[in-house]
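Please treat every number below as a calculation from the coordinates, not as lab data. Quantities reported herein were computed from a predicted structural model and do not represent experimental measurements. Backbone-built Cβ (ideal geometry, glycine too); neighbour counts: all protein chains shown.
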Amino acid sequence: MQKQTIAIDTPFARADVYGSLAVPIYNNVAFEFQDAQVMSDAFCNRIDAPDYARVENPTVTNLELRVRALTGAANVTAFNSGMAAISNALLAVAAQGKNIVTSRHLFGNTLSLIAGTLLRFGIKPRLRDLTDIAAVEAAVDDDTCCIYLEIVTNPQLEVADLRALAEVAHRRGVPLIADSTIIPFTETDLKSLGVDIEIVSSTKYISGGATSLGGLVIDYGTFPEFNKRVKYEMLFNLGAYMTPQAAYMQTLGLETLDVRYHRQAFNAAWLADALRDESRIRRVNYVGLADNPFHVLAKRQFGETAGAMLTIDLDSKEQCFAFLNRLRLVHRATNLFDNRTLAIHPASTIFGNFAPNELARMDVRQTTIRLSVGLEAPEDILADIRQALDPSTREEA
Ligand SMILES: *Cc1c(COP(=O)(O)O)cnc(C)c1O
């Protein structure tokens with residue numbers, strides 16, 4: 001069966017008593033048991049039955065099952081944000097004295113989690129250039145607990161060789177953990193490239209229309225202890241499970257993900273190409289462009305589409321601000337893969353609390369605008385960007 005069909009037609013784990021076609025929202029906390037033995041069996045995981053909604057809820061389980069069906073994963077655990085998924089997964093593999101081999105090219109909060117929060121608990125960051133396999137090899141040692149990366153980094157749009165990194169990780173017996181938020185798992189087969197654990201901020205493409213926060217830990221089962229840790233230790237003890245309301249909206253989002261994503265990726269590719277002709281834009285960065293340095297590797301690893309995020313560089317921060325202030329259709333907002341096109345100046349917002357020298361080391365430039373391309377007609381998005389690039393347009397914001 002094709003993924004679009006699986007996304008729509010994966011049956012409920014247990015049929016709804018009324019035959020509801022849409023997944024019901026179980027807006028509850030506790031579940032009653034027929035007798036004490038069944039209750040004990042449920043609590044001790046001898047049978048699969050929900051006991052308490054911090055750790056299991058039928059609406060959330062339904063989303064987890066659909067993602068499992070779509071990815072072929074051994075286990076999927078839903079958290080209440082992308083950051084909750086990332087922090088719970090890292091806490092499941094790390095311990096005091098261990099190190100995480102990763103890069104400075106990370107989502108801002110992920111970098112500050114690894115280089116700040118986890119460091120306070122004695123887990124050490126080893127920040128390397130993940131496109132330099134020899135440097136990664138030299139960084140990994142007996143205390144390494146994982147290699148962690150983003151499949152297309154934000155906002156640099158860097159792509160590392162997953163097979164090569166997986167080999168380095170597996171030689172040391174540690175997992176390769178990949179944040180795949182930028183290109184949906186319906187397009188890729190990261191397991192075949194050696195990724196052991198995939199993490200997705202389902203706030204982005206999956207929620208569809210920016211309805212809700214969520215995060216998914218997709219475990220391919222190659223490190224059998226991992227699921228025990230993340231599901232039965234982290235989820236239980238840290239309490240960051242997805243809410244049934246979010247799971248309901250994200251299940252609806254999952255059903256239309258394929259069509260939305262293809263339209264958004266098409267729009268992004270079309271825009272990236274068109275924006276190269278604009279004289280006020282110094283650089284268009286999008287891995288879908290044939291002359292992008294990561295194009296060939298991205299295509300080999302992730303297939304024909306290249307996501308719906310691109311960046312443009314103007315001459316200065318002031319020009320970036322003026323550009324943002326002249327936009328009429330495109331929205332000044334963070335978030336990625338909303339139905340609407342969004343624009344942001346990452347250096348002064350998402351990365352606004354990093355010092356200038358840190359920004360330079362992370363390759364976050366003052367001249368960069370990030371665009372998350374939506375579902376509008378691409379000609380309308382282009383027309384808005386063109387008028388906002390024009391210095392004679394009045395800044396209305
Ligand atoms: C947004 C994002 C996150 C964090 O997700 P939240 O759902 O906002 O917590 C993590 N990684 C990447 C690549 C993201 O874009």
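Structure values in brief
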quantity: Shape call, segment 258-389: gyration tensor on alpha carbons, a/c limit 1.5; calculated: oblate
quantity: Those GluC sites (Glu not before Pro) in segment 9-97 that DSSP places in a loop and that have at most 13 other beta carbons within 10 Å; calculated: GLU32
quantity: Degrees, to the nearest 10: 378-389 long Cα axis against longest axis of the chain; calculated: 50
quantity: Nearby lysines by direct alpha-carbon distance to LYS299 (threshold 28 angstrom, same-chain neighbours under 8 apart not counted); calculated: LYS3, LYS191, LYS204
quantity: Between helix 82-93 and the chain: long-axis angle, C-alpha atoms, 0 to 90°, nearest 10; calculated: 60
quantity: DSSP-defined antiparallel bridges as percent of all bridges, segment 3-251, nearest 5; calculated: 45
quantity: Under 5 Å, built H, 5+ apart or other chain: amide partners of ASP179; calculated: LEU149, GLU150, ILE151, ILE199
quantity: Surrounding net charge for VAL152, when Lys and Arg each add one and Asp and Glu each subtract one, Cβ distance under 10 Å; calculated: -3
quantity: Positive-pole candidate from VAL23, LEU359, GLN34, dipole of the chain, charges at beta carbon; calculated: LEU359
quantity: Longest site-free stretch - the chain; sites: chymotrypsin sites (Phe, Trp or Tyr not before Pro), DSSP loop, at most 12 other Cβ within 10 Å; calculated: 122-397
quantity: Point-charge dipole on Cβ atoms (K/R +1, D/E -1) for the chain, about Cα centre, debye to 20; calculated: 580
quantity: Surrounding net charge for TYR241, when Lys and Arg each add one and Asp and Glu each subtract one, Cβ distance under 12 Å; calculated: 0
quantity: Cα gyration tensor shape for segment 205-258, rounded if a/c is under 1.5, else prolate or oblate; calculated: oblate
quantity: Dipole axis of segment 175-262 (+1 Lys, Arg; -1 Asp, Glu on Cβ), positive-most option in TYR261, GLY239, PRO224; calculated: GLY239
quantity: HN-Hα J in Hz across segment 214-231 - Karplus 6.51, -1.76, 1.60, θ = phi - 60°, x for Gly and Pro; calculated: x, x, 10, 9, 10, 10, 7, x, 7, 10, x, 5, 4, 4, 4, 5, 6, 8
quantity: Prolate/oblate/rounded label for segment 3-251 (Cα gyration tensor, a/c 1.5); calculated: prolate
quantity: Calculated [θ] (222 nm, deg cm²/dmol) that DSSP helices of n ≥ 4 give over the chain, each run adding -39,500 (n - 2.57); calculated: -10500 deg cm²/dmol
quantity: In segment 235-327, the GluC sites (Glu not before Pro) that fall in loop regions by DSSP, at most 13 other Cβ within 10 Å; calculated: GLU304
quantity: Hz values of 3J(HN,Hα) by residue in segment 184-198 - Karplus curve (6.51, -1.76, 1.60), Gly and Pro given as x; calculated: x, 5, 6, 9, 10, 9, 5, 4, 5, 8, x, 6, 8, 9, 10
quantity: Under 22 Å from LYS98, Cα to Cα: lysines that are on another chain or at least 8 residues apart; calculated: LYS124, LYS228, LYS231
